Every structure is written in structure tokens, then in C-alpha cells.
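One structure is given below, encoded as C-alpha cells.
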Amino acid sequence: MIDNKSAFTTKKDYGRGEREAQWATAQHTLHGLKVTETKSNNSHHEDSEIAEQAKRCAKADRFIYINKMHLINMIVNFGLVVVILINIIILKTIW
């Protein structure tokens, strides 16, 4: 009983992460889902690969978004130029 209840601990948030993990495991087993095993030594390497993939995807998304906005601005500016030219032509024919 003394082992489980301690007023002083070195764990962050008094082991909240571990309790949440135990609760999630219990919920998975209650619902008949497969419980994943604890992370292995390669998990850090796998996590870094996933992080790198996420960075590459974010970079590609930013590139596409910036180019899309640039294209839209070019089309709008071109449209304004065309409208201005049409107005100049109409004004010249009227006067």
C-alpha cells in the first residue's frame, strides 16, 4: 500500500501519463480491440521518420498554397488590366 501511494515522486504530473495509458489499454480490451505492445527501442527512430514525413508534407502544402495564391493574384491582376483596357477603349470610342 505504501508503494502505490507516495506524497513525493519524481514523475511528472504524478504519473498521469501512465494512468492514462493504463485506462486506454483497459478501454481497448473492454471493446475487444487489439492492444498495442509497448514501444521498442526503434520507436524513437520510427517517430523521427514520421516527424520528417510530416515536415515534408507541411512544406509541400505551404508551397502549393503559396503558388496557388500567387496564381490567383496574377489572374485577378490580369483581369483588372483587361477591364481597364476595355474601359479605355470604350471611352475612346465615346469621345
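Here, each number is a calculation from the coordinates, and none is a lab measurement. Predicted model only: the values in this text are computed from it and were never measured. A quick note on method: Cβ atoms are made from the backbone with ideal geometry, for glycine too, and the neighbour counts reach across all protein chains shown.
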Practice problem: Please compute the net charge surrounding Ala26, taking Lys and Arg as +1 and Asp and Glu as -1 over other residues with Cβ under 12 Å from its Cβ. | Solution: 0
Quiz item: Given a Förster distance of 25 angstrom, what is the FRET efficiency for Leu91 paired with Lys68, based on the Cβ-Cβ distance and rounded to 0.05?
Solution: 0.10
